[in-house]
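The values are calculated or read from the model by the stated rules, or taken from the named source; none is laboratory data. These numbers were taken from a predicted model, which means no experiment stands behind them. Counting neighbours? That spans all protein chains shown, and the Cβs are built from the backbone with ideal geometry, glycine included. Only protein heavy atoms, including side chains, enter the accessible area calculation; ligands, DNA and RNA are left aside. Shrake-Rupley method; radii C 1.70, N 1.55, O 1.52, S 1.80 Å.
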Amino acid sequence: MMKIKILTLFPAMFDCMHESIVGRAIKSGIIDFEAVDIRRYSRDKHFKCDDTPYGGGAGMVMTAQPIFDCINAIDPDHEYLRVYMSPKGERLSDGLCRELARNDNLLILCGHYEGVDQRVLDLCIDREISIGDYVLSGGELAAMVVADATARFVDGVLGCSDSHEDESFSDGLLEYPHYTRPPEFMGLKVPEVLLNGNHKEIEKFRRQKSEEITRARRPDLLGKKDGE
Ligand code: ADE
């Protein structure tokens, strides 16, 4: 069982984690998922969690106290890997998701506004992770990406019918195209080789398609080791 705690000012955004594959894993007890409202830990009488930046500049900064108290209430013995979502972090990859999935306990802090007071990051956070070179209005969507992509590598989350053996990046290539019934749609036919049940031929066809699409779309992946 993997525990995932998300620390956020917007816990309701994470309701969607209860759908689909991760939702199924939560229901069956393989993933213990909780979105914790940082605001509950504010000692301000109005539960304020942000303030203007020292040195001036635009926007607001999340204050250290509510985050510090929230992290220490949830993880007093530092048993969680504590991650902060930030465009300044290391870039998320297939390999990093596999690595994160080896932790039994994962805590993900979501920043908002212009960010969070650097001191709470210095005091509490183990890793900063970015999901790409663009800026989101908060870390929540990024945290969902990390939680979903990581949960898929936790034993038992994927049934054998949706294993990640063949999927993109598992062998350093993009995945081959998929087809299902009917055999012809709007004049487009399913490739003959997929219909004849010759598994060796099918495997060869899929490998060839994988290489073709990787060469065309992501030549940078060719020659890399798994998950790199
Ligand atoms: N917060 C805002 N933008 C982000 C990004 N690109 N990755 C992770 N966290 C973020």
Over region 101-133, the set of residues within 16 Å of residue 7 (Cβ to Cβ) and aliphatic (A, V, I, L, M) is 106, 107, 108, 109, 116, 120, 121, 123, 125, 129
Pairs returned, first residue in region 59-86 that is over 22 Å from residue 146 (Cβ atoms), second residue that is open to solvent by 20 Å² or more (accessible area, probe 1.4 Å) and modelled with pLDDT under 95, beta-carbon separation under 6 angstrom, 6 or more apart or interchain, are 59/113; 59/114; 60/113; 61/114
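Would region 129-137 turn up any residue that is more than 16 Å from residue 98 (Cα to Cα), assigned to a helix (DSSP H, G or I) and open to solvent by less than 60 Å² (accessible area, probe 1.4 Å)? Lay out the reasoning, then the answer.
We begin by selecting, within region 129-137, every residue more than 16 Å from residue 98 (Cα to Cα); these are 132-137.
With the extra rule that they be assigned to a helix (DSSP H, G or I), the set shrinks to none.
Within region 129-137, none of the residues are more than 16 Å from residue 98 (Cα to Cα), assigned to a helix (DSSP H, G or I) and open to solvent by less than 60 Å² (accessible area, probe 1.4 Å).
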Are there any pairs, at least 6 apart or on different chains, whose C-beta atoms fall under 9 Å, with the first in region 189-202 and over 15 Å from residue 176 (Cβ atoms) and the second not in a helix (DSSP H, G or I), and if so, which? 189/183; 195/183
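To keep it simple, each residue is scored yes or no on (1) within 22 Å of residue 54 (Cα to Cα); (2) out of contact with any Asp or Glu (no Cβ under 9 Å at 6 or more places or on another chain); (3) open to solvent by less than 40 Å² (accessible area, probe 1.4 Å); (4) not basic (Lys, Arg).
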{"residue": "64", "(1), (2), (3), (4)": "yes, no, yes, yes"}
{"residue": "70", "(1), (2), (3), (4)": "no, no, yes, yes"}
{"residue": "76", "(1), (2), (3), (4)": "no, yes, no, yes"}
{"residue": "87", "(1), (2), (3), (4)": "yes, no, no, yes"}
{"residue": "91", "(1), (2), (3), (4)": "no, no, no, no"}
{"residue": "94", "(1), (2), (3), (4)": "no, no, yes, yes"}
{"residue": "111", "(1), (2), (3), (4)": "yes, yes, yes, yes"}
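Residues 87, 66, 53: which one is in a strand (DSSP E or B) and out of contact with any Gly (no Cβ under 6 Å at 6 or more places or on another chain)? Full working, then the answer.
Working: 66 fails: in a strand (DSSP E or B); 53 fails: in a strand (DSSP E or B).
From the options 87, 66, 53, the qualifying one is 87.
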